[in-house]
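Read-outs throughout are calculated quantities, based only on the coordinates presented, and are distinct from any laboratory measurement. The structure presented is a predicted model; accordingly, all values stated were derived computationally and were not measured. Using ideal geometry, Cβ is built from the backbone for each residue, glycine included, and neighbour counts are taken over all protein chains shown.
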């Protein structure tokens with residue numbers, strides 16, 4: 001099978017097949033009419049021993065082959081199997097004339113019986129490609145020779161003829177052959193031995209070809225061709241046995257009836273086998289997709305994606321190429337992926353948008369005859385590739401967000417430290433100088449009460465600025481860490497009990513986020529907890545995380561209805577360094593604020 005050297009698009013692989021190329025309604029309606037008319041023709045005549053069963057058998061054949069043919073046209077519009085099935089349904093409509101009382105109609109019906117058989121043999125031998133390979137052509141040639149040697153002389157040199165199945169046996173009222181050239185059955189009998197030998201040779205070769213295809217086929221292909229091959233093997237094996245029985249001059253009617261009924265059963269099963277092949281193709285494609293998606297959970301690497309696709313398609317040589325910086329395609333190992341040579345047995349297919357494909361797929365060309373399987377694999381490949389791309393973008397965005405948060409936290413600390421320096425070096429120093437100058441003036445004046453009051457107010461303002469400066473960025477936090485800073489902050493309120501565990505020093509942005517979030521929780525508890533509330537602050541470092549918890553037994557509140565910027569502000573501080581905040585409170589149950597920040601590895 002030659003490879004497709006052009007790069008076909010993958011729309012047929014990632015979507016349901018296109019609408020059928022023909023309108024199914026008129027064809028199905030015509031088949032129903034044809035089946036009905038053929039049944040009426042048979043039932044109104046009295047030339048067959050089992051006219052009712054023959055009418056039912058032929059109506060089934062016409063409708064079954066038509067329905068399955070339309071199904072193939074819908075599911076695989078590019079395949080030739082659907083049109084061949086429809087053509088076979090048309091031939092079987094003509095074969096139904098075997099039960100007519102008209103001499104010409106019956107003769108035409110019998111004449112088309114081997115034509116329909118040859119087409120059915122072609123269909124089986126060419127499946128699923130709809131064209132014969134060398135072995136198929138050779139086998140079909142033997143079958144055609146058997147028909148030419150056995151059927152043609154018998155048909156044109158016999159006055160009484162009938163169909164091949166037990167259901168088509170004539171009664172004594174069977175009309176004469178309208179197409180007979182001469183009534184010389186003795187001449188036709190001279191070809192009997194040759195025809196029987198050709199039947200056996202044909203059957204052996206036919207069965208051997210189908211068995212060889214089953215043995216050498218890949219696992220997915222074998223599952224798909226098995227129904228058709230199985231029916232074909234049984235049918236043609238019995239066809240050969242019939243030839244052998246004639247050669248051995250078997251006269252027992254029970255043997256011939258048994259062979260005839262089994263042959264009839266295989267004719268009934270033939271259209272069902274083609275329908276089952278489509279069902280199995282869809283089932284196995286779904287199984288392959290499920291298997292691939294199970295193996296590709298998360299964001300697998302390109303190498304694992306290629307292995308999963310190769311296993312699902314049973315194609316060890318499958319390769320997936322991705323767009324490289326130089327504009328070409330490279331696989332997971334970095335090797336260049338190029339379109340295969342025409343005689344390589346490989347197909348090249350681009351996956352993705354027409355103007356910007358995501359990847360290319362190079363696979364065994366035989367898989368083109370399993371579009372459901374290819375569609376499943378292509379869908380999984382595209383989904384996995386898209387998930388991998390989104391995962392990388394997500395990682396990049398998270399990295400950017402982390403860097404941005406770190407920069408924001410660092411900038412906030414720098415700003416706090418600048419404010420603390422400005423307050424200390426500028427406003428605080430000026431107030432100290434002013435306080436000293438005011439004291440000297442008051443001393444020279446001998447102590448003025450108004451100046452004493454002014455000095456006390458100036459000292460109070462100086463103390464307040466010092467408190468503000470310490471709150472902007474406490475020196476204890478900078479020098480001793482978050483635990484010591486929280487202990488110092490808790491000394492101003494006797495209700496607060498700080499219980500820090502010994503902890504190592506960490507990045508100042510991380511310590512500042514924990515400190516100010518915990519300080520905000522302490523201040524909220526002091527403000528809303530009540531005069532007799534107990535406020536406990538725990539600080540610990542466990543499992544690679546720095547944790548704090550502020551608990552109080554105050555009146556509590558409903559966190560979702562909380563107003564103000566306290567809780568959102570605490571959460572933003574911790575999120576900026578990759579942490580999280582939990583608030584557990586309800587009216588009458590107190591409040592628990594818990595913060596967790598991951599520590600760098």
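Quick notes
- Remark: spin-label model distance residue 53-residue 204 equals 3.3 nm, labels positioned 7 Å along the Cα→Cβ axis.
- Sequence-distant contacts, meaning Cα pairs under 8 Å at least 6 residues apart, place the relative contact order of segment 480-601 at 26 percent.
- Relative exposure of 84, 197, 161, 397, judged by other C-beta atoms within 10 Å (fewest first): 397, 197, 84, 161
- Using 0.36 nm per residue and subtracting the Cα-Cα separation, the extra length available between residue 129 and residue 102 on full extension is 5.7 nm.
- For residue 181 and residue 303, the FRET efficiency from 1/(1 + (r/R0)^6), where r spans their Cβ atoms and R0 equals 56 Å, is about 0.20.
- Placing a label point 7 Å from the Cα of residue 343 along the Cα-to-Cβ line, the residues of segment 123-153 whose backbone N sits under 19 Å from it are 133-135.
- Those residues of segment 43-65 whose amide nitrogen sits under 20 Å from the label point placed on residue 28, 7 Å along Cα→Cβ: 59-65
- Annotation: peptides 538-549, 106-117, ranked by per-residue average of other Cβ atoms within 10 Å with the highest first, follow the order 106-117, 538-549.
- Spacing of the two label points (7 Å from each Cα toward its C-beta) at residue 234 and residue 40, in nm: 3.5
- Counting every other Cβ atom within 10 Å of each residue's Cβ, 154, 329 order from fewest to most as 154, 329.
- Fully extending the segment from residue 137 to residue 386 would add 85.1 nm, taking 0.36 nm per residue of separation and subtracting the current Cα-Cα distance.
- Pairwise FRET efficiency - residue 553 versus residue 492, Cβ, R0 = 25 Å, nearest 0.05: 0.80
- Legend: calculated FRET efficiency, residue 586 to residue 545, from the Cβ-Cβ distance at R0 = 30 Å, rounded to 0.05, equals 0.70.
- Remark: 156, 284 ranked as 156, 284, counting other beta-carbon atoms within 10 Å and listing the fewest first.
- Pairwise label distance in nanometres, residue 332 with residue 261, each label 7 Å out on the Cα-Cβ vector: 5.7
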